[in-house]
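Report on the following structure.
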Amino acid sequence: MSHSRWKTLRERKLGAGFTEPGDVADARREIRLSMALAQAVHGRRTDLGLTQTELAARAGLTQAKISRIEGSDTVPTLPLLARLAEALDASLNIALDDDKTEVSFIAHTTDAA
């Protein structure tokens with residue numbers, strides 16, 4: 001079954017009053033957060049023109065760890081997120097809501113004298 005067909009089927013079930021089990025909804029939220037973080041890290045890294053290896057060196061991590069983060073294969077701890085934000089020269093903003101997750105890196109600005 002294609003993704004678009006599955007999504008339509010899911011939406012039809014939800015529209016008909018079907019309620020997802022709590023563990024499924026929790027898993028969906030975790031995946032959504034992981035994917036949003038992955039996109040934000042990749043976007044900021046490419047904006048800076050860095051390779052995964054270069055970002056890893058800046059953050060004191062391995063290239064494989066950066067790859068897992070960008071591939072949504074892991075959810076980093078808060079200390080690791082702080083190291084990533086510092087390595088990406090940015091502030092990390094995370095907004096969580098029931099059905100909406102936003103993750104973004106806001107570049108630090110330098111005051112030109």
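Points to keep in mind about this one:
- For region 48-71, a residue qualifies if it is surrounded by 14 or more Cβ atoms within 10 Å (Cβ to Cβ) and either touching a strand residue (DSSP E or B) at 6+ places or on another chain (Cβ under 6 Å) or closer than 13 Å to Asp89 by Cβ (or both), and the qualifying residues are Leu48, Leu50, Glu54, Leu55, Arg58, Ala59.
- Only helices (runs of 4 or more DSSP H) whose full extent lies in region 1-76 are considered here, and the ones with at least 3 residues that are modelled with pLDDT of 80 or more are 22-47, 52-59, 63-70.
- Residues of region 84-96 include none that is at pLDDT below 95, surrounded by 17 or more Cβ atoms within 10 Å (Cβ to Cβ) and either closer than 28 Å to Ala27 by Cβ or touching a Phe, Trp or Tyr at 6+ places or on another chain (Cβ under 9 Å) (or both).
- The residue pairs whose first member lies in region 22-33 and is small (Gly, Ala, Ser), whose second member is modelled with pLDDT under 80 and surrounded by 13 or more Cβ atoms within 10 Å (Cβ to Cβ), and whose beta carbons are closer than 9 Å, counting only pairs six or more residues apart or on different chains, do not exist in this structure.
The values are calculated or read from the model by the stated rules, or taken from the named source; none is laboratory data. Just so it is clear, the model here is predicted, and its values are computed rather than measured. Heads up, the Cβs are rebuilt from the backbone with ideal geometry, glycines too, and the neighbour counts pull from every protein chain shown.
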